[in-house]
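Asker: Sharing a structure, written as structure tokens. Questions coming.
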Amino acid sequence: MRAIKNGEQKISNITIDFPNNEGKIDMVIHDLNISNSDDKIIAEILDLKNQYMNEEICLITADLGLELKAENHGIKVIPPTDKWMT
């Protein structure tokens, strides 16, 4: 991934995926609400985990509510570093 911020280029081996797979995960089975944006994020991550079983799929968030919900669904959560927040 290449990101440019304030003229500085940063390179890492992180892939950011913005899927559009609405409807692939049964929201009811996973106790998720289709009208809740956090639940939609959880559903997308669960779908990615199903598609890429040999890859580490995680969520980066500073949102405590989303973090707790993700962890309850077996999703690894990584808090953003201060450097990422600037």
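Asker: For segment 9-22, check the following and say yes or no: at least one residue is among the hydrophobic types (A, V, I, L, M, F, W, C), in contact with a strand residue (DSSP E or B) (Cβ under 6 Å, 6 or more places away or on another chain) and either modelled with pLDDT of 85 or more or part of a loop (DSSP other than H, G, I, E, B) (or both).
Answerer: Pass one, segment 9-22, residues among the hydrophobic types (A, V, I, L, M, F, W, C): 11, 14, 16, 18.
Add one more test, that the residue is in contact with a strand residue (DSSP E or B) (Cβ under 6 Å, 6 or more places away or on another chain), and what stays is 11.
Still in the list and also either modelled with pLDDT of 85 or more or part of a loop (DSSP other than H, G, I, E, B) (or both): none.
There is no residue in segment 9-22 that is among the hydrophobic types (A, V, I, L, M, F, W, C), in contact with a strand residue (DSSP E or B) (Cβ under 6 Å, 6 or more places away or on another chain) and either modelled with pLDDT of 85 or more or part of a loop (DSSP other than H, G, I, E, B) (or both).
Asker: Counting only residues that are of a type in the set (A, V, I, L, M), more than 10 Å from the chain's Cα centre (by Cα) and at pLDDT 90 or above, which one in segment 23-45 is farthest from Asp82 (Cα to Cα)? Spell out how you get there, then give the answer.
Answerer: Within segment 23-45, the subset of a type in the set (A, V, I, L, M) is 25, 27-29, 32, 34, 41-43, 45.
Applying the additional criterion that residues be more than 10 Å from the chain's Cα centre (by Cα) yields 25, 27-29, 32, 34.
From what's left, at pLDDT 90 or above: 29, 32.
Numbers: Ile29: 36, Leu32: 31 Å.
So, considering only residues that are of a type in the set (A, V, I, L, M), more than 10 Å from the chain's Cα centre (by Cα) and at pLDDT 90 or above, the one farthest from Asp82 (Cα to Cα) is Ile29.
Asker: Oh, and also: Residues to consider are Leu68, Leu48; find the one that is under 15 Å from the mean Cα position of the chain (by Cα) and modelled with pLDDT of 90 or more.
Answerer: Leu68
Asker: Hey, Ala62 hits all of (1) farther than 16 Å from Ile78 by Cα; (2) of a type outside the set (Ser, Thr, Tyr); (3) at pLDDT 90 or above but one; which does it fall short on?
Answerer: (1)
Asker: Is it the case that segment 72-83 has a residue that's at pLDDT 90 or above, part of a helix (DSSP H, G or I) and not aliphatic (A, V, I, L, M)?
Answerer: Yes.
Asker: Could you please let me know if Ala62 is within 12 Å of the chain's Cα centre (by Cα), without any contact (Cβ under 8 Å) to a residue 24 or more places away in the chain and assigned to a loop (DSSP other than H, G, I, E, B)? Break it down into steps so the answer makes sense when it comes.
Answerer: Details: within 12 Å of the chain's Cα centre (by Cα): yes; without any contact (Cβ under 8 Å) to a residue 24 or more places away in the chain: yes; assigned to a loop (DSSP other than H, G, I, E, B): yes.
Taking the combined requirement at face value, the residue satisfies it.
The values are calculated or read from the model by the stated rules, or taken from the named source; none is laboratory data. All of these numbers come straight from a predicted model, not from anything done at the bench. FYI the Cβ positions are ideal-geometry reconstructions off the backbone, even for glycines, and counts take in every protein chain you see.
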